[in-house]
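These notes are about the structure you will find just below.
The values are calculated or read from the model by the stated rules, or taken from the named source; none is laboratory data. What you see is a predicted model; the values in this text were computed from it and never measured. Ideal geometry is used to build each Cβ from the backbone, glycine not excepted, and the neighbour counts take in all protein chains shown.
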């Protein structure tokens, strides 16, 4: 994972993390990490796939199961496909709630008061 300094829409600096995924066909895709969610005692990562210019034109996000090896903090995190439709829907709903809370936080930004 790599980290770059970016600014949020509110102007606050934020560190952006990214990962490079190898798809089943061997294609490498750079993805921005949006967030890691905890849903039903499991962790999930939300990724924003980026094109060669670092952009995402269609707004599509990808959800994966996420885990880290507690015994080796330097090991790369593991991602897994979400194969169960109900599990996927739970993660999608949790992400919608996350987006709603982000929008709410921007509405009550203390810098605008």
Pair list, Cβ < 6 Å and 6+ apart or interchain, from segment 46-62 residues that are more than 22 Å from residue 94 (Cα to Cα) to residues that are assigned to a loop (DSSP other than H, G, I, E, B) and at pLDDT 90 or above: 50/56
Segment 22-42 residues that are without any contact (Cβ under 8 Å) to a residue 12 or more places away in the chain, paired with ones that are surrounded by 10 or more Cβ atoms within 10 Å (Cβ to Cβ) and part of a strand (DSSP E or B) (beta carbon under 6 Å, 6 or more apart): 28/20
So residue 105, is it out of contact with any helix residue (DSSP H, G or I) (no Cβ under 7 Å at 6 or more places or on another chain), within 21 Å of residue 16 (Cα to Cα) and at pLDDT 95 or above: no
When residues of segment 77-89 are limited to those that are part of a helix (DSSP H, G or I) and closer than 27 Å to residue 20 by Cβ, the one nearest to the chain's Cα centre (by Cα): 88
Yes/no for residue 56 being at pLDDT below 95, surrounded by 13 or more Cβ atoms within 10 Å (Cβ to Cβ) and touching a strand residue (DSSP E or B) at 6+ places or on another chain (Cβ under 8 Å): yes
From 93, 51, residue being under 16 Å from residue 21 (Cα atoms) and loosely packed, with under 13 Cβ neighbours inside 10 Å: 51
